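The structure appears right after this line, and notes come after that.
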Amino acid sequence: MALDGITVACLVHEWREKLVGGRITKIAQPEPDALLLTIKNYDTYRLHLSASASLPLACLIPDNRPSPLTAPAFCMLLRKHLSSARILSVDQPDLERVIRIRIEHLDEMGDTRIKHLIIELMGKHSNIIFCDESDTIVDSIKRVSQMVSSVREVLPGRSYFIPKTAEKLSLLTDSTEALAAGIRACAGDLRRAVYTTVTGLSPVIANELLHRAGLDSANDTAECSDADFERLGTELSKLRGRIESGDFSPMCALEDSVPAEFAALPLTVYTDYSRYEAKAFDSMSELLLYYYETKEAATRIRQKSSELRRTVQTAIERVAKKLDLQEKQFADTEKKDRFRIYGELLTTYGYSAVSGSKSFTCTNYYDNQEITIPLDETLSVMDNAKRYYERYSKLKRTGEAVSAHITESREELAHLESVRDSLEYAKDEADLADIRRELTDYGYLKFHRDGNSKKAPKKPASRPYHYRTAEGFDIYVGKNNYQNEELTHHFAAGNDWWFHAKGVPGSHVVLRCGDAEVPDAVFELAGSLAAFYSKRREQAKVEVDYLRKKNVKKPAGGKPGFVVYYTNYSLVAEPAEHAELLVTE
C-alpha cells in the first residue's frame, strides 16, 4: 500500500522524539531521487528520504548506504546550507502526506537563518523540496516545469504550496458530525466515501474504521441508518484522539509470511481472520523497512523464478496433453477382447457359416447370448477368424506399451507438479538454484557453463526449513525435491518420524527424535507443517501420513523426492506455518 496520512503522522511523532534538537552532520545522495541525512542528537540517526515514483519512503535506517564519488548538485546545495544545521521542528500539515522539517543554520556572514526541507510522499508526484524561511523554493530533488504539471511548478524562485486537487474534510479540525455528514453525502460504497471525503485516510484505514464500527464496507451510503453513521463518527473521533495523543501501534498483517498490509494502528479487519498473522513493531521506521524489504525480496524472487515457472508450466501442459492422448489410445485397446471372442467363435462355429456372407450369428458361450459377427465377404470364415486374432494381438501389444507410457507420463506429471509447488516455497537464490539444477538434470532446461570453465557449477548452500518445538524437538522441512531426497535418505535417522501429506505433492517433513518419546502435540505440529507445505495447504483439514523413516523406501530409478511405503499411521491436521518456531541459521 502507499503511505497514507496516518502513517506519516506516526513518522512525524517518532521523528519529533528523536531528531528535534539534533544537528545534521552528514548529507549524502545515494540515489538520484533519495537523500541520507546523518543526525546527531544524543544518539546518531540516519534519515532516509526517497522521492521514488514507485517506492516513496521516509524512515530512520540502521546502516549507511553507498553514495556516488561525485555528489549531485542538489546534495552539494544542501551541504552548503545545512551542514551542522540544527533541526527545530518536524510537522505535518493537516494529515497530508507531507513532512516539513524546520532547520536553523548560519549563513556565510554568521547570521542565523531558517530553512525548510519538505518531503512529499505522493506516489509518482513524490518530491523533496528545499525552501527558505518565506517558503520560496531554493531547489528540489526533482524539478517540475509547467510542461510537466499545470497544477504546480516546482522550480527555484517559485512559491511553495500544497496543491489541493480535491476538497476534503479534515479529521483534526472538522467536527465529528461534519465528517459523518460529508461521508453520508458522498454517493457510492461506504469505503470509498470515507477515504475520498476525509484527508489522510487510505482505503485500508477506511476498511478498518468501518470494521470497528460494525459496518460492511461494500454497503451503499444511502442504505446506512443514522445509528450507523453515529458509530462511524465515534470511530473517527477515537482515531483523532489517538493521532493527537501520539498513541500509535505500528502493525503489519502477514499472509503466508509475506506482508499484506501495514498501518500505524492495529488492523483488526485482517487479524480477525486466521489466515493473517499480526506482527507489531516498536516504530514506524522499523515497520516500513521490514515491509518494503520483505515485499521487495518476495517480488524479486517471484520475478527471478518467472522463467522457471514458464518452463515448468509449459512442460506440465505438454505432458498433460500427451497423457490425455495416451489414455484415449488405451481406451481404444479395451475392445481387443471382443476381437478375440470373434476369432474364437468363428473358429468354433465357422463351419456352419455361408460363404460370402457379410455377418455370422451364433451363440456366445461366454454369456449364452446371441452375437452377430461382421465378416469380410471376400475372405473365408477362417481368414476372418485369423484377421480378428491379428487385430486382438496388435491391440494387446499396443495396450501393454501404452500402459507403460501412461505410467511414465503420470510419474513425470507428478514430478513436474512437485517442482511447481517447490517454486512457491523458494525464498532465496539458493532455493531457485536447486530447482534450476533439477530441471536441467531432467532435460527441461539446457545446461550453461559460466565462461570457459570446465568445472561443474558449485552446489548452492540451500537448506531445508528448521523448526524447534517448545519441547526441544527439531523438525526439518524440505523446500524442493533435492532437499526432500537429502533430508529423507541421508539426513534422517532410522527411528526419526517422517511426515507427508497423503496422495498429493508436498514437502518431506522429518521429526528428529532418536529413541525419545514424542508428545502428541509435537506429532500434531509436524503434521500441520506437512499439510502447510503441500498442494492442499488452502484446505481447512489435510490428511497426513506418518511413519518411522526406516520404513520409507525409494524405488529403483525413482525421481528425486519420490518414495514408497506400505505401513503408516495417519492424522488429520490444520495447515499452519508456525513461523514463531522457525530457526534462522
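Here, each number is a calculation from the coordinates, and none is a lab measurement. Predicted model only: the values in this text are computed from it and were never measured. Ideal geometry is used to build each Cβ from the backbone, glycine not excepted, and the neighbour counts take in all protein chains shown.
Quick notes on this structure:
- DSSP-assigned coil residues among GluC sites (Glu not before Pro) in the stretch 64-147, each with at most 14 further Cβ atoms within 10 Å: E108, E133
- Greater than 22 Å apart at Cα, pairs in K26/K124; K279/K427; K322/K502; K321/K554; K40/K115: K26/K124; K322/K502; K321/K554
- For the stretch 176-302, with +1 on Lys and Arg beta carbons and -1 on Asp and Glu, the positive-most of T271, S237, P259 along the dipole: P259
- Ordering of 360-366, 205-211 by packing [mean C-beta count within 10 Å, highest first]: 205-211, 360-366
- Between the stretch 15-32 and the stretch 479-556, the Cα center-to-center distance that results, in Å: 51
- Positive contributions from Lys and Arg (+1) and negative ones from Asp and Glu (-1), summed over other residues with Cβ under 10 Å from the Cβ of P250, come out at -2.
- Neighbour-count ranking [beta-carbon atoms within 10 angstrom, fewest first] of M284, M122, M76: M76, M122, M284
- Cleavage-rule hits, GluC sites (Glu not before Pro), the stretch 515-546, DSSP coil, Cβ neighbours within 10 Å at most 10: E517, E538
- Segments 320-328, 395-403 sorted - mean Cβ within 10 Å per residue, highest first: 395-403, 320-328
- The residue list N481, Y290, G443 was ranked by how far each Cα lies along the charge dipole of the chain toward its positive end, using unit charges on Cβ atoms, and G443 comes out on top.
- Gap separating the Cα centres of the stretch 209-248 and the stretch 44-73, nearest whole Å: 37
- Gyration tensor (alpha-carbon) shape descriptor, the stretch 5-140, a/c threshold 1.5: rounded
- Using the Cβ of K322 as centre and a radius below 12 Å, the other residues enclosed give a net charge of -1, where K and R count +1 and D and E count -1.
- Shape call, the chain: gyration tensor on alpha carbons, a/c limit 1.5: prolate
- Antiparallel %, DSSP beta bridges [both residues in the chain], to 5: 100
- Net charge over other residues, Cβ less than 15 angstrom from the Cβ of A353 (K, R count +1; D, E count -1): -2
- Low-density loop positions, chymotrypsin sites (Phe, Trp or Tyr not before Pro), the stretch 483-585 - DSSP coil, at most 15 other Cβ in 10 Å: Y565, Y566
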